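Trainee: Below is a structure I'd like to ask you about.
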Amino acid sequence: MAGAIIENMSTKKLCIVGGILLLFQVIAFLVGGLIAPSPTTAVPYMSVKCIDVRKNHHKTKWLMPWGPNHCEKLKDFDEAVSRQIEANDIVFAVHIPLPSKEMSPWFQFMLFIMQLDIAFKMDNDLKENAEITLDVSLAYRDDMFDDWKEIAHAIEIRKLKCTFGSPKTLESEGRHYDCDFLPFMEIGSVAHKYYLINIRLPVNERKGINVGIGEIKDIRLVGIHQNGGFTKVWFAMKTFLTPSILIIMVWYWRRITLMTRAPVLLEKVIFALGISMTFINIPVEWFSIGFDWTWMLLFGDIRQGIFYAMLLSFWIIFCGEHMMDQNERNRLSGYWKQVGPIAVGSFCLFIFDMCERGVQLKNPFYSIWTTEVGTELAMAFIIVAGICLCLYFLFLCFMVFQVFRNISGKQSSLPAMSKARRLHYEGLIFRFKFLMLITLACAAMTVIFFIVSQVTEGHWKWGDITIQVNSAFFTGIYGMWNLYVFALMFLYAPSHKNYGEDQSNGDLGVNSGEELQLTTTITHVDGPTEVYKLARKEAQE
């Protein structure tokens, strides 16, 4: 009777906790959907053609497209030809942001892509596999009357991928090619108010530089940055969730250290998962408002990589601890086949990120995709990581199948037990299935909301209410995985309750001083748990 009361109370607590977590999950989605604006904004920029007739172009003063000290402008290249101005004396200038606006540290990053307007001309056709050489410089200032200070200067090569939809005849002259966007620049912080980009297209016929690239009419840039309003909501969520996870971590580990035994593998992995989640949550981004930390994008990628690697490892160990025999349980070395692909895949993605964003710390114009060697190297890392991910999911699906098959077999032994013991085991099995279903639901919601955010226009409008789908995706999924980790530590923390002599008379088959656990994998100081004994007995039969 006491066992039934205990299990009923435990089930009620589980339902209450589940309801509270579901409520917080809904709030997380609503915060992004109703309060935060869209995560990013795209701003188009048209470059202004400036004349610079001095030598040593990259050492000259900066050319402004507008303002009191603007450059001498060209309307088009026909004017340049009539005035006998050479291509090497033309500079494409772009001021960021647009007139009468300022950039802000709340924008967090800037990503730029380039589009070239290339016209067809019979005597200056675009060659196949043509490459364009860009002499680019970036500068900043925080006052409209200050001098520009250089951030970076580089000479970059981009491959042109263009198509022409009409026959290449005299009648088609002047029509534009349809060219793919080119990666141009990425900066991991927006610490200054104004930025200036000067782009030159140096021509050297003897060396074949910028020869056979067609007649370039204009250079357009599209700048993408994070919205300041979304950044504030994001920082607020991080600031709120950090102490929440820290408190449950301290409580969880304290419950473990009070035990008379050493922590088992599953408990250590759950605690490590909490640490990795806290690592993501700590709002170090607040410092980026006052400091020019261009490495924040790379740091964010590393934090996410650590968390996802830990999450994937947890799933494997969680399933394995419910399946393996006594000799293989509670040892990390027993999972090297399953955890190995996670480590290899994570390492490949880390190297890829270092080759891209790591180099961009020194040269924001760099892109690993602009050269054949870089593209092949990047694809190799991504393919290896993809293969490792596929192997991991094969291992995981196989282990989940085995666990559920074993549980189904064990359930056939439950009717022969006393009522109290049967309810105890049914509760343990229910909790395992409950966590597995929650895990599948979290993974499914992540995939579904990602797909929805990609195929929708970014927001839904219901009457006077506008829901930002992309913002809801970010805040909702971020909150969901925090709640997942919170639930893990709450449900799988050891219990120190002693339920009295009614349970020591054999109804549950445990000693009066032995703790009841929510997990089936805890090994007591006196030996394996009753569920583990049940599993061994079933296997022997």
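Trainee: Yes or no: the range 108-120 includes at least one residue that is exposed (fewer than 13 other Cβ atoms within 10 Å of the Cβ) and not assigned by the TED database to the domain that holds LEU297. Working first, answer last.
Mentor: Keep residues of the range 108-120 that are exposed (fewer than 13 other Cβ atoms within 10 Å of the Cβ), which gives none.
Within the range 108-120 (the criterion being exposed (fewer than 13 other Cβ atoms within 10 Å of the Cβ) and not assigned by the TED database to the domain that holds LEU297), the answer is no, since none of the residues qualifies.
Trainee: Okay, moving on. If you check LEU361 against the conditions, is it modelled with pLDDT of 85 or more and surrounded by fewer than 17 Cβ atoms within 10 Å (Cβ to Cβ)? It would help to see each step written out before you state the result.
Mentor: Working: modelled with pLDDT of 85 or more: yes; surrounded by fewer than 17 Cβ atoms within 10 Å (Cβ to Cβ): yes.
Considered against the rule, which asks whether it is modelled with pLDDT of 85 or more and surrounded by fewer than 17 Cβ atoms within 10 Å (Cβ to Cβ), LEU361 comes out as yes.
Trainee: Further, regarding this structure: For the range 93-116, check the following and say yes or no: at least one residue is free of Cβ contacts under 8 Å to residues at least 60 places away in the same chain and under 22 Å from VAL203 (Cα atoms). Even if it seems obvious, please write down each step before you answer.
Mentor: Going through the range 93-116, the residues free of Cβ contacts under 8 Å to residues at least 60 places away in the same chain turn out to be 98-101.
In the following step, the residues that additionally are under 22 Å from VAL203 (Cα atoms) were identified as none.
There is no residue in the range 93-116 that is free of Cβ contacts under 8 Å to residues at least 60 places away in the same chain and under 22 Å from VAL203 (Cα atoms).
Trainee: I've got another one for you. Which pairs do you get when a residue that is within 19 Å of LEU241 (Cβ to Cβ), found in the range 281-302, comes within reach of a residue that is assigned to a helix (DSSP H, G or I) and among the charged types (D, E, K, R), reach meaning Cβ atoms under 6 angstrom, with the pair 6+ apart or on two chains?
Mentor: Within 6 Å, the pairs are ASN281/LYS238; PRO283/LYS238.
Trainee: Restricting to the range 419-428, give me the number of residues that are surrounded by fewer than 18 Cβ atoms within 10 Å (Cβ to Cβ) and either at pLDDT 75 or above or among the aliphatic types (A, V, I, L, M) (or both).
Mentor: Number satisfying all stated conditions: 0.
Trainee: Out of the residues in the range 210-232 that are surrounded by fewer than 19 Cβ atoms within 10 Å (Cβ to Cβ) and within 29 Å of the chain's Cα centre (by Cα), state the one that is nearest to SER104 (Cα to Cα). Steps first, please.
Mentor: Of the residues in the range 210-232, the ones surrounded by fewer than 19 Cβ atoms within 10 Å (Cβ to Cβ) are 211-212, 215, 217-218, 220, 222, 224, 228-229, 232.
After this cut, where a residue has to be within 29 Å of the chain's Cα centre (by Cα) as well, the list is 220, 222, 224, 228-229, 232.
On the way: ARG220: 22, VAL222: 18, ILE224: 13, GLY228: 8, GLY229: 11, LYS232: 12 Å.
The qualifying residue nearest to SER104 (Cα to Cα) is GLY228.
Trainee: Among the residues of the range 257-273, is there at least one that is touching a Leu at 6+ places or on another chain (Cβ under 9 Å) and closer than 26 Å to GLN115 by Cβ? I'd like the intermediate steps shown before the answer.
Mentor: Applying the first criterion (touching a Leu at 6+ places or on another chain (Cβ under 9 Å)) to the range 257-273 yields 265, 268-270, 273.
Checking which are closer than 26 Å to GLN115 by Cβ leaves us with none.
Within the range 257-273 (the criterion being touching a Leu at 6+ places or on another chain (Cβ under 9 Å) and closer than 26 Å to GLN115 by Cβ), the answer is no, since none of the residues qualifies.
Trainee: So, TYR252, is that one in contact with an Asp or Glu (Cβ under 9 Å, 6 or more places away or on another chain), more than 29 Å from LYS101 (Cα to Cα), crowded, with 17+ Cβ neighbours inside 10 Å and of a type in the set (Ser, Thr, Tyr) or not? Let's see the steps before the verdict.
Mentor: Numbers: in contact with an Asp or Glu (Cβ under 9 Å, 6 or more places away or on another chain): yes; more than 29 Å from LYS101 (Cα to Cα): yes; crowded, with 17+ Cβ neighbours inside 10 Å: yes; of a type in the set (Ser, Thr, Tyr): yes.
Spelling it out, TYR252 is indeed in contact with an Asp or Glu (Cβ under 9 Å, 6 or more places away or on another chain), more than 29 Å from LYS101 (Cα to Cα), crowded, with 17+ Cβ neighbours inside 10 Å and of a type in the set (Ser, Thr, Tyr).
Trainee: With respect to ILE368, is the statement that it is within 30 Å of ILE197 (Cα to Cα) and buried (at least 17 other Cβ atoms within 10 Å of the Cβ) true?
Mentor: Details: within 30 Å of ILE197 (Cα to Cα): yes; buried (at least 17 other Cβ atoms within 10 Å of the Cβ): yes.
Against the criterion (within 30 Å of ILE197 (Cα to Cα) and buried (at least 17 other Cβ atoms within 10 Å of the Cβ)), ILE368 qualifies.
Trainee: Looking at the range 174-209 only, could you name the residues that are out of contact with any helix residue (DSSP H, G or I) (no Cβ under 7 Å at 6 or more places or on another chain), over 30 Å from SER104 (Cα atoms) and either hydrophobic (A, V, I, L, M, F, W, C) or crowded, with 21+ Cβ neighbours inside 10 Å (or both)?
Mentor: CYS179, ILE209
Trainee: Moving on to the next point. State all residues of the range 167-193 that are farther than 12 Å from ILE151 by Cβ and in a strand (DSSP E or B); if no residue qualifies, say none.
Mentor: HIS176, ASP178, CYS179, LEU182, PRO183, PHE184, GLU186
Trainee: Limited to the range 153-173, what total is found for residues that are among the aliphatic types (A, V, I, L, M) and open to solvent by 40 Å² or more (accessible area, probe 1.4 Å)? First the steps, then the outcome.
Mentor: Start the filter on the range 153-173 by keeping residues that are among the aliphatic types (A, V, I, L, M), which leaves 154-155, 157, 160, 170.
Remaining after also requiring open to solvent by 40 Å² or more (accessible area, probe 1.4 Å): 155, 157, 170.
Result for the range 153-173: 3.
Trainee: Six or more apart or on different chains, Cβ under 7 Å: which pairs go from a residue in the range 146-160 that's assigned to a strand (DSSP E or B) to one that's of a type in the set (Gly, Ala, Ser) and modelled with pLDDT of 90 or more? Could you list them?
Mentor: Close Cβ pairs (under 7 Å, with a partner that is of a type in the set (Gly, Ala, Ser) and modelled with pLDDT of 90 or more) amount to LYS149/ALA139; GLU150/SER137; GLU150/ALA139; ILE151/ALA139; HIS153/SER137.
The values are calculated or read from the model by the stated rules, or taken from the named source; none is laboratory data. Please read these numbers as outputs of a predicted model, since none were measured by experiment. Every residue, glycine as well, gets a Cβ built from its backbone with ideal geometry; the counts of neighbours run over all protein chains shown. Surface areas here come from the heavy atoms of the whole protein model, side chains and all, with no ligands, DNA or RNA. Shrake-Rupley method; radii C 1.70, N 1.55, O 1.52, S 1.80 Å.
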